[in-house]
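Participant: Take this structure first; my questions come after.
The values are calculated or read from the model by the stated rules, or taken from the named source; none is laboratory data. Computed from a predicted model, the values in this text were never measured in an experiment. Positions of Cβ are backbone-derived with ideal geometry, glycine not excepted, and every protein chain shown enters the neighbour counts. Areas reflect the complete protein model, heavy atoms only, side chains present, ligands, DNA and RNA absent. Shrake-Rupley method; radii C 1.70, N 1.55, O 1.52, S 1.80 Å.
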Amino acid sequence: QRDAKGQYLFDLLCHHLNLLEKDYFGIRFVDPDKQRHWLEFTKSVVKQMRAQPPFTMCFRVKFYPTDPAALKEEITRYLVFLQIKRDLYHGRLLCKTSDAALLAAHILQAEIGDYDPGKHPEGYSSKFQFFPKHSEKLERKIAEIHKSELSGQTPATSELNFLRKAQTLETYGVDPHPCKDVSGNAAFLAFTPFGFVVLQGNKRVHFIKWNEVTKMKFEGKTFYLYVSQKEEKKIVLTYFAPTPEACKHLWKCGIENQAFYKLEKSSQVRTVSSSNLFFKGSRFRYSGRVAKEVMESSAKIKREPPEIHRAGLVPSRSCPSITHGPRLSSVPRTRRRAVHISIMEGLESLRDSAHSTPVRSASHGDAFAGPGRSGRADSSERVAVIADESYSPADSVLPTPVAEHSLELMLLSRQANGAPCSIEEEKESEAGTPAAEAEGELRALCPGTAGLGPAQAQQVNKFLLSVLRLLLVTVGLLFVLLLLLIVLTESDLDTAFFRDIRQTPEFEQFHYQYFCPLRRWFACKLRAVVSLLIDT
């Protein structure tokens, strides 16, 4: 319904998934300007969207568990497993070759079971895409571990071992936000369960624990992080986002992550403002429970473990809208088990922005494969296999994709997920919304913005609104001062406060030299106007 809150939609989805430990998850969407957003549960769903239905949304892990292996229910661990497997596939979870092979082998064991020579011919691991880059040596290592070390493990055990290994990696829980530092160098900011991370070049240049972060704010495209470290050492980190909307999204993610991981109780959550001035800036408040409360609530869960109907692994299943070249085009699809939760297929097939690009890191001192290697890892174990040498921040603002390599898949995805087939359709559907009509009226009132692009016009509109707010506040203050002046000069109130002000020489001089003549002038003019009206 049009007035349905985000919380209603999220609860409906979690009920459909039979999920109780739901505080770790959220719903993400991408607007027509290719900016990511988390659905706010306290606001109307329709009002948060800038296009007409059907809406495309993605079910995602929003707050990564500090210890995913300690989650109470298997269904929760399975959903977190799917998210981290997706992070690995899109290059956000970095690791060296040996760790990558072990993680991929756990995925194989969890989704296709034990190695069977009759079903799994030579080179079977090459039929699946676990990382942005593959090498033949890595594929052989994955198959070797799957054959010899993981035989007999159930899917739940393999997923648990996968989570335990992923948790130890430096970029576990990283959701990269592309920015630039004060020198203009590219950097990627992220919020993890343990603190604030800055990745730059091929290394982690900053790691700040949550208890050291004292304040976060933004102004336009500029993001400020205030840090208080030992010996009362205070630092202010400054970064520049691509757009004001991206900077606001970064700020809101930081506020939510800090509240979730740092606070002891949700009652300690406070409304945060992005500016020190009460009439300017954005105000935001985290509305959910904090990590400690979630863990305490999970410990009280007492029910029969819900049945999990896992989907079997298929080539490039994590993201069907990406073409991986001729290798996958000739690969036959493997057998899939039935999926009881039908919505899982639709949700997992969607890929929102910033998940498609890898963030480089010098985790465990590893080097990175050079661009001339064409995805082939070096024989050394020190080569990371899932990070490109170059990383473009523009790749992080892609629209929420649907299948593009096939018209049939495109139509199927539209029917299954209720998603527009392209970002252009979303923009066309947005044109008829009340927001678009209001924007057209505003442009008609401000002809100078008619020739500007959408982003420039939006900036001009924001500037005009800021000026209007400033004028309204100024007029309001002047009105309050005028009322106070009238009370001081005309009323008979004899309080100590008023008496002290009236007895000052400055006030007496103002009263007799300025206020009294002005009052007589106004009275004379008023009598003249009244006489004129009576005569007419």
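Participant: Which distance in nm do the two modelled labels at Thr495 and Leu481 give, with both placed 7 Å along the Cα-to-Cβ direction?
Facilitator: Between Thr495 and Leu481, the label points sit 2.0 nm apart.
Participant: For region 125-140, what does the Karplus curve 6.51 cos²θ - 1.76 cosθ + 1.60, with θ = phi - 60°, yield as ³J(HN,Hα) per residue in whole Hz, taken in order and with x for Gly and Pro?
Facilitator: So the Karplus estimates, Gly and Pro as x, are 5, 6, 7, 10, 10, 9, 9, x, 10, 10, 10, 4, 5, 5, 5, 5 Hz.
Participant: If you don't mind, another one. For a quick check of understanding: with a 1.4 angstrom probe and all protein chains in place, what accessible area in square angstrom does Val236 have, to the nearest ten?
Facilitator: Here the residue's solvent-accessible area equals roughly 80 Å².
Participant: Hey, another quick one. Taking Lys47 as the anchor, which lysines have their alpha carbon closer than 23 Å to its alpha carbon, excluding any fewer than eight residues away along the same chain?
Facilitator: Here the lysines satisfying the reach criterion relative to Lys47 are Lys5, Lys34, Lys62, Lys248, Lys252, Lys280, Lys427, Lys462.
Participant: Further, regarding this structure: How much of the calculated P(r) for region 48-103 lies past 16 Å, in percent of all Cα pairs?
Facilitator: 58 percent
Participant: For every other residue with a beta carbon closer than 9 angstrom to the beta carbon of Phe196, add +1 if it is Lys or Arg and -1 if Asp or Glu, then tell me the sum.
Facilitator: 0
Participant: Let me check I've understood the local charge: for Ala291, count other residues with C-beta under 15 angstrom from its C-beta, Lys and Arg +1, Asp and Glu -1. What total comes out?
Facilitator: So the environment of Ala291 carries a net charge of +1.
Participant: Could you sort 47-53, 11-17 so that the peptide with the highest average Cβ count within 10 Å comes first and the rest follow in order?
Facilitator: Ranked by mean Cβ neighbours within 10 Å, highest first: 47-53, 11-17.
Participant: Please enumerate, by chain and number, the lysines with C-alpha under 20 Å from the C-alpha of Lys141, excluding those fewer than 8 residues away in the same chain.
Facilitator: The reachable lysines, counting only those whose Cα sits under 20 Å from Lys141, are Lys85, Lys96, Lys119, Lys127, Lys133, Lys165.
Participant: Testing the spin-label approximation: label points 7 Å from Cα along Cα→Cβ at Phe522 and Ser266. State their distance in nm.
Facilitator: Here the answer is 5.3 nm between the modelled labels.
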